[in-house]
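Participant: This is the structure I have questions about; it appears just below.
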Amino acid sequence: MSRKAKRSANRNRPRHTAEDARSPETQASAALEASRFREAIDLYKGLLKVERRQDWVDALAAAYAGRAGDLAAKGMYAEALALWRNRAQSCAKALAEGPYLEWLLQAGEHDAALRLLAEAGNPPGTQTGDLETRLAALALTAPDEALSHLHADSALRRHRAPALAALAAYSRGDFADLDEHLRSIPFRSPYRDLRVILKALALLPGDPVQAGEQIARVAAGGPFEQLAAAARVAVLPDGSWLQAMLELNDDGRQLVLDLKGCPEQRRALLLELAGLGATPAPARILDLLLRRSRALQTSAAQLCRHLLPHAADRMKRYVDSFGPLEEVQRERILALSAELNDRPERAEAHWLRAVELLSAPDGTPLQAALILRRLFHGAQGHQAASELDPIVIEWLERSAALDPDDRATHLRLIRVYRTQRDLKRARATLEAAQTRFPNDPEVLLEAVETALAGDAFKKAVGLAKRLLDLDPINSRVRALIGQAHLSHARKQIRARQYEAGGRELDQADEWLNSSTDKNLAKVLRGLVGGEDSDPLLREAVVGLGGDLVGGFYLLLEAARINVDATASLRRGGVDLSITPSPAHVLAFVHALNAVGQKDKSLRRILDTLRAALTRAATADFAEPERILICEALLRHKENKLLRAYAEGGLKRWPRRPVFVFFAAFARGEPIFMLSDSELRKLEQAHQAAHEQGDLRTAHRIRELLDPTPHFGPDDSADEFGPDLLGDPHAVLDLLVAMGGKKAFLDMARQALGAAQFNDLKCAAGGNDNRLVDLLIDLFAASGVLPDLGLPGGGAPVPLPPPRRTQGARPKPDDKQKDLFDD
């Protein structure tokens, strides 16, 4: 034999291990513990040939059970059943115990399962503990003769007829008959799960919540689990059942779709839709619908139009599938798409084109009015009512003209005019509303407010009493009457008609119902009285909220009646050296918001309170509270206070977009003066606000970052003024308008150097306007814009070539101011 053959023989020779030296019993036990069931079976069979010990018999049964379980786990039920029968025969174990019945059902040996029940009854130790219950679903589908060998008193036979009758009643929709048959099935019947499931399914169309409560009573893994699983999916709310349906087998899915009433021709589409995930992107849904458009009805086109704003680039595919879009529909889709992509200027342009189309003689003016109201509300969310752009107000005016029966638009228009102190137009709109809506309480209420705004106090009282005749329990109207008398009292006191003012205060007391208004009446009485009235004044200050809030109201009333502010604070015992608590600051903000912006004395009053409010900026406010404070300060242009409270918010909530905006706005610096790091913070805050759904803050930051209009891929630069974009003088004029004259001069000094800048300043004779003109001429003639501190580096920026060849540079045209308005 060769050396190679010897080495091969040695390798193939069985190796003797330490385990071989152990006894056969030890080896068998070790194999069983290691789950080497086939080896354990062989070893224990050998041991039982020597001696039939009970512990070895039990161990062999365990080995058979383990090996059969392994086979069943692989779906080899026939082989598992054969081993289980060997176990019963070799080890004298009951055949019906353990998973044997379950494997019979899985293998489709239904007759054997029923025979097992007839032979074994319900022996203890079975896996389910109740063979009849486990075979209940099988008994309903088996032929009658298959159950003939069961005992006559078997519950499986006795309750089978009412269970089948209940199923038939549910199938034909006879719920009264169903209820009668369900009552015939006892609580402990093998068909008890079917009883609950059918009751839940009967409730599903009318009360899915109660149906869900019913199906929750059915334990998982019962004999009717397939039916129960489908019912559990069907009762799920909204569209969550679509995803849950994917967990079922094909029969279960079809059953759910049956329960939902889904037509056969739609089922493939619905299953594919469910496969897109729990929250599919609208574009993916649209792609699915367009791909299957031939099989869909024309009603699917409407759904696709609703999805197109999320994927406007699929518009051509939509046209190919469903035909051309109407021009109004196209503008609507593009407008919504622009809104979703945070392009408000383009959205506004598309909406306004849609308005023009809908306003045509053959159009639908009510829809045009609705769009204009949408535009107004969108703009109103970003601006205070007193600062609304005239074009925004014009949208509301056009909406009222197109839809004159919309009372809410008339009321909103009146309030806008009144807030902007345009009482002439407010009264004109009010008269039109009163003509169209006579004796309408809300219109009359606006009439009262408008009369008060115009200091027509007697008229306001008369209108309010007329409104009380229509609505006697209107507490708001009663308060307005009291406030009208209070305002008239101020007017009389300001005119030094103290006796008449006192009478008005007496009448006001009869109508005023709020603690604040009553204390304001006390303040007025205390201010016009002598030192004897100081206790009344101090009582009113305490009643109004203490030093900060009470002091605010005291200063406000003193300014309204031309009384010295310092003396009033002293007489009222107001101490502004104390740092206000967060509660007092919030109360002050609510008072400030209630007063509004029309009082010219507010600036002086806030100057007096600024030091106390600044000290409180570091206090521990909740986030909504600090935002409320910042909004009020922003509205009143209190940038120093706004910056203090915004920076306090950033310390507590770093990089929170809303506080980043407040802090940047409060600094008041033009965008081209910000450092690269500050610009990055704003850009990150803009992105974060957009991702968080805070569109108002995102819009505000966007306006800070880019106050000029955005040119989209479809925009023509000529639409925005070719003279402006091609004229270096116009570009520089725009820079001055954006950043302010002072900022432009500061940057020019830095760019040119002190010596050249001072020479130009002397040439301008110290006139800043003339100096700006000289600098613009200088930069325009050079053809480049030097580094003026613009973000992005210091390289010179080429200016557009000048178009003029002769003549003096014209002054900026005021008409251009609207070119860059949103």
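Participant: If r is the Cβ-Cβ distance from Thr141 to Asp320 and R0 is 60 Å, what FRET efficiency results, to the nearest 0.05? Mind dumping the intermediate values first?
Facilitator: Numbers: r = 50 Å, r/R0 = 0.83.
The calculated FRET efficiency here is 0.75.
Participant: Given points 7 Å out from each Cα along the Cα-Cβ axis, report the Gln89 to Arg496 separation in nanometres with one decimal.
Facilitator: 12.8
Participant: Moving on. Could you pull the Rg and Dmax for the range 297-412, using just the Cα atoms, both in Å?
Facilitator: Cα only, the range 297-412: 15.5, 50 Å (Rg, Dmax).
Participant: With a Cα-only, solvent-free Debye model of the range 547-636, what are the log10 I(q)/I(0) values at q = 0.16, 0.21, 0.24, 0.25 Å⁻¹?
Facilitator: So the normalised log intensities work out to -0.61, -1.04, -1.31, -1.40.
Participant: Right, something else. For a Förster distance of 30 Å, can you work out the FRET efficiency between the beta-carbons of Glu327 and Gln380, rounded to the nearest 0.05?
Facilitator: Step by step, r from the Cβ atoms, then E = 0.60.
Participant: Can you list the aspartates and glutamates whose alpha carbon is less than 16 Å from that of Lys640, not counting same-chain residues fewer than 8 positions off?
Facilitator: Asp607, Glu631, Glu669
Participant: Now for a different question. First check a/c for the range 414-466, with a ≥ b ≥ c the square roots of the eigenvalues of its C-alpha gyration tensor; if it is under 1.5, answer rounded, and if not, answer prolate when a/b is larger than b/c or oblate otherwise.
Facilitator: Details: a/c = 2.04, a/b = 1.09, b/c = 1.86.
Oblate, because a/c is 1.5 or more while a/b does not exceed b/c.
Participant: Out of residues 5 or more away from Val563 or on other chains, whose amide H comes under 5 Å of its own, with H placed 1.01 Å from N in the peptide plane?
Facilitator: When sequence neighbours closer than 5 places are left aside, there are no close amide H contacts.
Participant: Then there is this: Suppose we look only past 18 Å in the calculated P(r) of the range 361-507. What percent of the Cα-Cα pairs does that tail hold?
Facilitator: 62
Participant: Once the Cα atoms of the range 435-568 are picked out, what are the Rg and Dmax in Å?
Facilitator: Every Cα atom of the range 435-568 included, Rg and Dmax give 15.7, 54 Å.
Participant: Can I ask one more? From the backbone phi of the range 500-510, what are the Karplus-calculated ³J(HN,Hα) couplings (6.51 cos²θ - 1.76 cosθ + 1.60, θ = phi - 60°) in whole Hz, Gly and Pro given as x?
Facilitator: Listing the rounded values in order: 5, x, x, 5, 5, 5, 4, 5, 4, 4, 6 Hz.
Participant: Treating cross-link reach as a plain straight distance, find the aspartates and glutamates whose alpha-carbon is under 18 Å from the alpha-carbon of Lys45, omitting any fewer than eight places away in the same chain.
Facilitator: Hits, sequence-local ones excluded: Asp20, Glu25, Glu33, Asp55, Asp58.
Participant: Also, I was wondering about something else. Among Glu264, Glu132, Glu394, what's the order by accessible area (1.4 angstrom probe), most exposed first? Mind showing how you got there, number by number?
Facilitator: Details: Glu264 130, Glu132 30, Glu394 85 Å².
These residues rank, largest area first, as Glu264, Glu394, Glu132.
Participant: May I ask you to derive the FRET efficiency for Thr279 and His151 from their Cβ-Cβ distance with R0 = 51 Å, giving the value to the nearest 0.05? Write out the running numbers ahead of the final one.
Facilitator: Numbers: r = 55 Å, r/R0 = 1.08.
According to the calculation, E is roughly 0.40.
Participant: What does the convex hull of the Cα atoms of the range 206-296 come to per residue, in Å³, rounded to a whole number?
Facilitator: Values: hull volume 9.3 nm³, N = 91.
Convex hull volume per residue, Cα atoms: 102 Å³.
Participant: I've got another one for you. Compute the distance in nm between two label points, each set 7 Å from the Cα along the Cα-to-Cβ direction, one at Asp706 and one at Asp768.
Facilitator: The modelled label-to-label distance comes out at 3.1 nm.
Participant: Need one word for the range 261-306: rounded, prolate or oblate. Basis is the Cα gyration tensor (sqrt eigenvalues a ≥ b ≥ c); a/c below 1.5 gives rounded, then a/b vs b/c decides.
Facilitator: Values: a/c = 1.82, a/b = 1.08, b/c = 1.69.
Oblate.
Participant: Using a 1.4 Å probe on the protein heavy atoms only, what accessible surface does Lys93 show? Give it in Å² to the nearest 10.
Facilitator: Per-residue accessible area (Lys93): approximately 60 Å².
Participant: Please compute the volume of the convex hull spanned by the alpha-carbon atoms of the range 133-272 and report it per residue in Å³. Write down the numbers at each step before the final one.
Facilitator: On the way: hull volume 16.5 nm³, N = 140.
Value for the range 133-272: 118 Å³ per residue.
Participant: Taking the simple approach of a point 7 Å from Cα along Cα-to-Cβ for both Arg421 and Asn562, what is their distance in nm?
Facilitator: Distance between label points: 1.8 nm.
Participant: What does the convex hull of the alpha-carbon atoms of the range 351-436 project to on average, in nm²?
Facilitator: Numbers: hull surface 21.4 nm².
If you wrap the Cα atoms of the range 351-436 in a convex hull and average its projections, you get 5.4 nm².
Participant: Continuing with this model, one more query. Rounded, prolate or oblate for the range 269-361? Axes are the square roots of the Cα gyration tensor eigenvalues, ordered a ≥ b ≥ c, and the cut-off for rounded is a/c under 1.5.
Facilitator: On the way: a/c = 2.97, a/b = 1.60, b/c = 1.86.
The shape class here is oblate.
Participant: Enumerate the residues in the range 202-220 having an amide nitrogen under 12 Å from the point lying 7 Å beyond the Cα of Asp179 toward its Cβ.
Facilitator: Residues 203 fall inside that zone.
Participant: Related question: Among Lys424/Lys741; Lys600/Lys741; Lys459/Lys518; Lys491/Lys518, which pairs are too far apart, with a Cα-Cα distance over 29 Å?
Facilitator: With Cα atoms farther than 29 Å apart: Lys424/Lys741.
Participant: In Å, the Kirkwood hydrodynamic radius of the range 615-666 over pairs of distinct alpha carbons?
Facilitator: On the way: mean 1/r = 0.0964 Å⁻¹.
Final number for the Kirkwood radius of the range 615-666 is 10.4 Å.
Participant: Sort out for me the Cα centre separation of the range 407-468 from the range 493-555, rounded to whole Å.
Facilitator: 28
The values are calculated or read from the model by the stated rules, or taken from the named source; none is laboratory data. Just so it is clear, the structure is predicted and the values come from calculations on it, not from any experiment. Note: ideal-geometry Cβ built from the backbone for every residue, glycine included; neighbour counts use all protein chains shown. Ligands, DNA and RNA are stripped out before the accessible areas are found, and what is left, the full protein with its side chains, is counted by its heavy atoms. Shrake-Rupley method; radii C 1.70, N 1.55, O 1.52, S 1.80 Å.
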